1. Take Tyr30 and decide whether it is aromatic (Phe, Trp, Tyr), touching a helix residue (DSSP H, G or I) at 6+ places or on another chain (Cβ under 9 Å) and either farther than 30 Å from Lys151 by Cα or loosely packed, with under 13 Cβ neighbours inside 10 Å (or both).
2. Is one or more of the residues making up segment 95-112 at pLDDT below 95 and surrounded by fewer than 18 Cβ atoms within 10 Å (Cβ to Cβ)?
3. Which residues, taken from segment 123-140, are in contact with a strand residue (DSSP E or B) (Cβ under 6 Å, 6 or more places away or on another chain) and within 13 Å of Lys188 (Cα to Cα)?
4. Any residue at all in segment 11-25 that is modelled with pLDDT of 95 or more, among the charged types (D, E, K, R) and either within 22 Å of Thr180 (Cα to Cα) or assigned to a loop (DSSP other than H, G, I, E, B) (or both)?
5. Looking at (1) crowded, with 18+ Cβ neighbours inside 10 Å; (2) under 18 Å from Ile18 (Cβ atoms), which is the one condition that is false for Gln86?
6. Go through (1) over 22 Å from Lys109 (Cβ atoms); (2) of a type in the set (Gly, Ala, Ser); (3) crowded, with 19+ Cβ neighbours inside 10 Å one by one and return the number of the condition Ser157 breaks.
7. If you check every pair at least six apart or on different chains, which have Cβ atoms under 8 Å apart with a residue in segment 97-119 that is free of Cβ contacts under 8 Å to residues at least 60 places away in the same chain first and a residue that is surrounded by 13 or more Cβ atoms within 10 Å (Cβ to Cβ) and acidic (Asp, Glu) second?
Amino acid sequence: MAIITVGNIVTEDGITSIPNNFNVINFESYEKELSAPTLFVGWENTKKILPQSSILNKKIDDNLYWTFSPTEKRTIFENDLKSFIQKSYHDYTKNIPYYALDPIILRIKTTEELIQKLQKFTESFTYLYGNRIVYIYHNSSIISLDLELLKFISFDSNEVLEYLKKETKFFENKEKEFKTELKYFDIKYIPYLIYNDATKNPAFSVLH
């Protein structure tokens with residue numbers, strides 16, 4: 001599994017305790033085409049490489065921010081770094097809608113009818129969590145299916161699960177692999193993280 005990148009930190013100083021989901025690069029290696037949120041550390045270096053920066057505004061442009069270095073103003077640096085990390089994780093999933101596929105609300109009466117509904121999710125990325133809930137990443141959305149609810153209304157949850165295993169890109173027991181991410185993301189985003197890993201990693205076998 002490749003490491004998901006949610007942001008970049010541009011600095012000349014050694015910074016510890018940065019989550020693995022951030023690229024830490026020096027000012028010489030900075031490339032303007034970086035698409036992930038980027039934080040520049042150090043006012044003196046920032047104004048040299050980005051002269052449009054203002055000491056009165058920490059936001060330089062869309063997805064571009066700066067803060068003081070630890071040697072310039074440590075407390076401000078620490079607060080800004082924490083805020084940037086939290087915002088980067090939040091922004092990574094903020095535009096992904098979440099829906100619960102509830103057979104009762106949708107008036108789905110049988111297991112067979114539910115499986116017909118699930119046919120639209122063929123080739124989606126699916127994650128089974130705790131043998132209780134299935135999360136599906138499909139068409140830029142997350143859909144959940146509660147297996148305990150299916151049992152409660154006398155649906156055949158095993159049949160539904162076997163269908164998803166056969167017809168979707170199905171995963172389970174990945175929590176340890178996403179230990180860092182799950183400090184910031186809800187468990188339901190795991191299929192989205194797997195999808196992003198697959199699309200960025202040409203060696204990822206499920207795409208072939």
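1. yes
2. Checking segment 95-112: at least one residue is at pLDDT below 95 and surrounded by fewer than 18 Cβ atoms within 10 Å (Cβ to Cβ).
3. Hits for segment 123-140 are Phe125, Thr126, Tyr127, Leu128, Ile133, Val134, Tyr135, Ile136, Tyr137.
4. Within segment 11-25, none of the residues are modelled with pLDDT of 95 or more, among the charged types (D, E, K, R) and either within 22 Å of Thr180 (Cα to Cα) or assigned to a loop (DSSP other than H, G, I, E, B) (or both).
5. For Gln86, the failing item is (1).
6. Ser157 satisfies all of (1) over 22 Å from Lys109 (Cβ atoms); (2) of a type in the set (Gly, Ala, Ser); (3) crowded, with 19+ Cβ neighbours inside 10 Å except (1).
7. Going by the 8 Å Cβ cut-off, the qualifying pairs are Ala100/Asp146; Asp102/Asp146; Thr111/Asp156; Thr111/Glu159; Ile115/Glu159; Leu118/Glu167; Gln119/Glu167.
Residues checked against (1) of a type in the set (S, T, N, Q); (2) modelled with pLDDT of 85 or more; (3) in the same structural domain as Tyr127 (by TED's automatic domain parsing); (4) more than 17 Å from Asn95 (Cα to Cα):
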site	(1), (2), (3), (4)
Glu167	no, yes, yes, yes
Phe170	no, yes, yes, yes
Asn173	yes, yes, yes, yes
Glu177	no, yes, yes, yes
Tyr184	no, yes, yes, no
Tyr192	no, yes, yes, no
Tyr195	no, yes, yes, no
Ala198	no, no, yes, yes
Asn201	yes, no, yes, yes
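The values are calculated or read from the model by the stated rules, or taken from the named source; none is laboratory data. On a predicted model such as this, the values are computed, not experimentally measured, just so you know. Glycine also receives a Cβ, built like all others from the backbone with ideal geometry; neighbour counts cover every protein chain displayed.
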